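Here is the structure we will look at.
What follows draws every value from the coordinates through simple rules; no lab data is involved. For clarity, every value in this text was computed on a predicted model and none was experimentally measured. With ideal geometry, Cβ positions are generated from the backbone for all residues, glycine too; neighbour counts draw on all protein chains shown.
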């Protein structure tokens, strides 16, 4: 291998470290959860119905000879576990951030992969609102993508949040969906053993890979997983 072909820290690792730094400065604690997860934490605890399309084999990788286990389809299983911890420890306020690999059985293209990294976070306490989440995410994107980053919030629907929004960022002149989030659904709080009348919070989750694409103008998400050292040029 030539000297100019030596590997360096992968762009996704660099971005994950930067993201952790930004959220830590905002009071978030770094947490994690298993990639091989139970259906409870991946779906049921998060208010995902038994007949939801996301549970189909077409979207979810189920594990042979290991009933009721899946490769996690999102990093929000971390939030499900964090909420349980909050309930068990009797915490009145808490904020967590996690970055990890997730898996989905889907066709790949320039902005979709079968495996990719997600950021997942939540914040609970008194007087937490959707405006709180918006302020946190704008601060994050401005720090990571620059003060001129164009960010847009649009109404949406997710089983585990209500109300819900999608977060979009401008990429190559077009809006690209980056995250989903909203106020944690009361059913999700109850499933964790929390009283939605006494505690509330927001949760969000989205792709780290897409943030990297915008940050370094990388045209195809699949480049991150091909082991091509030319990716270091970014």
Residue list for region 27-42, given a label point 7 angstrom along the Cα-to-Cβ vector of residue 187 and an amide N cut-off under 15 Å: 40-42
Computed [θ] at 222 nm, deg cm²/dmol, the chain (DSSP H ≥ 4; -39,500 (n - 2.57); rounded to nearest 500): -8000 deg cm²/dmol
Relative to the longest principal axis of the chain, what angle (0 to 90°, nearest 10) does the C-alpha long axis of helix 11-25 take? 40
One finds the C-alpha centres of region 144-205 and region 53-121 to be spaced, in Å, by 15
For the chain the mean separation of alpha carbon contacts under 8 Å (6+ apart) over residue count, i.e. relative contact order in percent, is 22
With volume of the Cα convex hull per residue in Å³ in mind, check (i) 133; (ii) 119; (iii) 142 and report the label derived from this structure. (iii)
Which of 81, 104, 154 fluctuates most in a GNM of the chain (C-alpha springs under 10 Å)? That residue is 154
Based on the alpha carbons, how large is the Rg to Rh ratio for region 135-175 when Rh follows Kirkwood? 1.03
Length gain on complete extension for the stretch residue 50 to residue 62, per 0.36 nm per residue less the alpha carbon to alpha carbon distance? 2.9 nm
Potential lengthening between residue 30 and residue 195 on full extension [0.36 nm per residue; Cα-Cα distance subtracted]: 57.0 nm
If one takes the longest principal axis of the Cα atoms in the chain, at what angle in degrees, from 0 to 90 and to the nearest 10, does the Cα axis of helix 130-145 lie? 10
